[in-house]
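Presented below is the structure to which this report refers.
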Amino acid sequence: MRESLDTLRNEFLARIVDGASEQEVQRLRVEFLGRKGKLTLMFHRLKEVPPEERPGLGEALNELRGFVEGKLELRLTELKRREKERLLQAERVDITLPGSRWERGRVHPLTLVMDEITDVFVAMGFELARGPDIEDDYHNFEALNMPPDHPARDMQDTFFVSAARVLRTHTSPVQIRVMETRKPPLQVIAPGAVYRHDDDATHSPMFHQVEGFMVDSQIAFSDLKGVLTHFLRRVFRPETGVRFRPSFFPFTEPSAEVDIQCFLCDGKGMVQGQQACRVCKGTGWLEILGAGMIDPEVFRFVGYDAERVSGFAFGMGVERIAMLKYGIEDIRLFFQNELRFLRQFA
Amino acid sequence: MNFTLSWLREFVDFRGSAQGLARTLTMAGLEVESSRPLPSMQEGQEDWVMEVAVTPNRGDCLGILGVAREVAALTGGHLRLPPALPAARSSGIDRLVDVRILSPDLCPRYSARMVLGVRVAGAPDWMKRRLEACGIRSINNVVDVTNYVMLETGQPLHAFDADRLPTKRIVVRQAGEIQKLTTLDGVERALVPGDLLICDGAAPIALAGVMGGSDSEVQWDTHAVLLESAHFDPACIRRTAKRLAIHSEASHRFERGVDPQGTLYALGRAALLLAEVAGAAPVKGVVDRYSRRAKPAPIVLREKKVSALLGVELPRRRTEHILTALGMKVQGRSKTAVRVIPPSYRSDLTREEDLIEEIARLTGYENIPSRLPLVRPAGGGSNHRPARERKLRAFLLGEGLTEMINLPFTSAEMNRRFRGLWGDKRSPVAIVNPLGQDRTELRLSLIPGLLDNLRTNLAQKARSFHCFDFAKVFALDARGAAEEKQQVAGLLYGARERKGLRWKDETPPTFLEVKGIIEGIFEVLGIGPEPAWSNSGVGSFLHPAKAAVIRLENRDVGYLGEIQPDFCEAAELEPFQVFELDFEALAEYAPRQLTARPLPRFPAVARDLAVVVDDAFPAQRIVRWMKDLNHALVEGVEVFDQYRGSPIPEGKKSLAYTISYRAEDRTLTDSEVNQLHQQLAARVAELFGAQLRM
Ligand SMILES: [Zn+2]
């Protein structure tokens, strides 16, 4: 009988091969464990065994039945797992197809740059101010120390809407409007559209400026240098070289032109050894801002005492910064508003 | 202004290259815009043409002498004046010419010399080359000498053919009743009484400081030349030059200030050169009418002001050295200040700040330290607007609209068609000097700009185009005062674009979808009152039945709708939607402070209500009525369906509402809700003539 137990075990093991299907597993269960199953019959035959052998043999039989049941169960679980797996595989998607979504609207690159500029100053504690686009001669010119017949007015070709009203030629009148109504300390940033009677690849009749100024009791030229250097290194690269050189604006004294190192040629003025850099025209520097200490005449116009307060002001062209930042060569692209252009910006 | 390096070296010694000089000058405020080598006549003699951008305050640098003074001050190089033929003390000239100044305020100084025996011919090559390098066309040796000396000294000279001056009595006066003068470019100029003229007796012979007259011009047969070297009032010259649109080398310099002390040297230099290149014999003596002698006022410079304005302490020795290097005379000193007199050629230096700029300039801006100031927050109050503008933009971008930035100019025709939100009492702002016939006015509405953008993009084969513009519009009120306000407008043409696999039925947005965008804007801006949507007052450019005016508390704040089909047909466009909102008005309703409500503690119960009403019945009326009831248990009501067709009879429609019931203090029972719902349904049927559908 013990020998037939081993034979049965070997037979079962030979039948429950890896490839066994669920049907075969069920058939095996009936064949071995069914009412007339081979193992069941062995239990029946226990009575025929001498009583002293019964416990040992019974134990061996139970062990074999446990083994067979376990194996069958294992096989069934495995089959179920495989079936589930097969069903999931049938749901396979082509992950290389394009993602499906609505086309996003795009913010205009000039807004992008204007926000970036104002954010740097707002983070430094500057507040935002705005002024009208239609300005009077007084705020646009006279209070900025540009009396009638001053040659500095030539620097700005003007659109007139009447004899005394113009489309502002710069955002500087916001300086006057804020100082007229407020007392120092002031630190203000004023972004907006400005207008010049000019139209070609580098000049648009409308463009944008960001004006900024700071007035307090002890503001010096060195503060102007610090604030603008910090700003330029935030908007461009942190290691950008910045240089200040003397210039002239009627509403500042001393006045400065602020340049940054050309990022195309790294300030060398040359690309590939010999060719003059086309971005900086071989100078190694890019003009980016006008600035200076607010002229005492301007303080006089707004009723500040130049002996008690001092301040700096600066202005920059948003289009110019955007053109340099993104390598855009024609200013008119900004105002043609073609999706082909606008969709290049995140 | 252009000059050549070799020419500059005749005025000042300096070592170093053209590049080095360009850098030195640029960093001192005389920006060298370009420097290019000049083909040399002789081997090994390199020369350069330098182009400097002279700022309007530095008229003194419109001559090589001025640039040389800068170089000398910056490098310590020795400055010298090229030779001249000073006028001998003699009254010889007085027998030949007489000068009277009738407007001494406009002409503080008038100097003149006479040369005889002139042989007019071409100028020598060396002179021509230099003039041409500086952008001045060679005319003849006499005119070229005047230009050559002007380039050297910055003092404009004028040469009259003395034989063509019948009276030889020069009178400097305002035009008064004299009405015209033909200038040497052959153009007859209309004068105004304030123009300053040089006259021969009563006859005008030159527009002072701007351009000579054609009658007294030097010609090939000229023998005797009267050389004028004068000083004129900058503003007067500018007014005339600007009005007549003449931008001459002379007027450019006079407008920016010429050295009043430099007239005689320039004459002497010209006399010498005329003798050299035209064989001229100068008449002895000089006429010099100098009634308003320029006396530069002393300026006091306080040490503490220097450090306060620049943020750096500079030793007194250093600042005084800079000032004297720039030609200033120290007149007096105290412990804390110095008093100086600026040179006559620096009319831009009148104030302490001007001197501080000179000190900063020569110290080098790069040598002034950089520091961050203490920012003291001002009491201006926080400004909510920028944050709201960004929210608005972000929302519209999310809805798929791309931002446009348009020029504000438009045509009168477009302004007549698209009046925006201005009503009848406003008129467009006209541009006095427009850039073109289609850009004569400022826009009343943002829509014309968006229509342009649509056309541009359709021409580029865009399948659809959804965009917005957030910018100012302009108008004049009844009194002619200009008004401007920030508006937001959108245009939605074609189905919203998708990325990825194509959808089967892509359709353009409907009126309700655009209305949804506007409701979204109201939500994003947190606008309190509910807008009213009205069919009345809709603009004629909109579809009469698919458009609405948006009102907040009886004020028009915007509109939306489909563009008038005729317009689309004429422009060969598919139907599309637009909207425009008055952002300034919306901002007034936007709340500053939000307060959160706690979550409800008891559940809500929803019941639907379906009614059959006339086709023209506005669905919103039932919502409005129910909200106005203010019933404590009615939490909200919304329309969720509209249906026409069988089994609903012709001319009728079915509307379905969902009403949400909730009590604050308990869970409502079914029977309680059912009872209330039936009551409300019955009231709706009665009030609105609606038939209930069960
Ligand atoms: Zn470069």
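Every number in this text was worked out from the coordinates using simple rules, so none of it is lab data. Being a predicted model, the structure only gives us computed values, none of them experimental. Here Cβ is always computed from backbone atoms with ideal geometry, including for glycine, and neighbour counts include all displayed protein chains.
Structure values in brief
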{"quantity": "Lysine pair count for the range A:109-342 [Cα-Cα under 24 Å; pairs on different chains or 8 or more apart]", "calculated": "6"}
{"quantity": "Inter-probe distance in nm under a simple model that places probes 7 Å from Cα toward Cβ, at B:Thr167 and A:Glu239", "calculated": "7.6 nm"}
{"quantity": "Chain A: relative contact order in percent, alpha carbon pairs under 8 Å with at least 6 residues between", "calculated": "15 percent"}
{"quantity": "Range in chain B, longest, excluding exposed chymotrypsin sites (Phe, Trp or Tyr not before Pro) [loop by DSSP; at most 14 other beta-carbon atoms within 10 Å]", "calculated": "B:221-502"}
{"quantity": "In the range B:92-290, lysine pairs closer than 29 Å at Cα, eight or more apart or cross-chain", "calculated": "4"}
{"quantity": "Sorted by Cβ neighbour density within 10 Å, fewest at the top, the residues B:Asp582, B:Asp628", "calculated": "B:Asp628, B:Asp582"}
{"quantity": "Relative contact order for the range B:385-589, counting Cα pairs under 8 Å that sit 6 or more residues apart, in percent", "calculated": "20 percent"}
{"quantity": "The range A:142-206-the range B:594-671 distance, computed between alpha-carbon centres (Å)", "calculated": "56 Å"}
{"quantity": "Relative contact order (%) - criterion: Cα under 8 Å, at least six apart; region: the range B:358-483", "calculated": "27 percent"}
{"quantity": "The range B:385-589: Lys pairs at Cα distance under 22 angstrom, eight or more positions apart or on different chains", "calculated": "9"}
{"quantity": "18 Å Cα-Cα reach of A:Lys36 towards aspartates and glutamates, excluding residues that sit fewer than 8 places from it in its own chain", "calculated": "A:Glu11, A:Glu24, A:Glu48, A:Glu69"}
{"quantity": "Model label zone, B:Ala571; criterion: amide N under 19 Å from point 7 Å along Cα-to-beta-carbon; scope the range A:305-342", "calculated": "A:335-340"}
{"quantity": "Taking A:Phe263, A:Phe159 and counting other C-beta atoms within 10 Å, the order from fewest to most", "calculated": "A:Phe263, A:Phe159"}
{"quantity": "Those aspartates and glutamates that a straight Cα-Cα span of less than 20 Å connects to B:Lys295, excepting residues fewer than 8 apart in one chain", "calculated": "B:Asp60, B:Asp105, B:Asp233, B:Glu255, B:Asp259, B:Asp348, B:Glu352, B:Glu353, B:Asp354"}
{"quantity": "Of the DSSP H helices in chain A, those whose Cα atoms cover at least 15 Å axially and whose Kyte score averages 0.0 or more", "calculated": "A:109-123, A:221-235"}
{"quantity": "Shielding score for B:448-456, defined as the mean number of other chain Cβ atoms within 10 Å", "calculated": "2"}
{"quantity": "Separation between Cα centres of the range B:191-247 and the range B:406-430, rounded to whole Å", "calculated": "46 Å"}
{"quantity": "Sites matching trypsin sites (Lys or Arg not before Pro) across the range B:568-610 that sit in DSSP coil, with at most 14 neighbouring C-beta atoms within 10 Å", "calculated": "B:Arg592, B:Arg601"}
{"quantity": "Loop sites in the range B:88-190: GluC sites (Glu not before Pro), DSSP, at most 11 other Cβ within 10 Å", "calculated": "B:Glu177"}
{"quantity": "Cα centroid of the range A:216-255 to Cα centroid of the range B:7-67, whole Å", "calculated": "27 Å"}
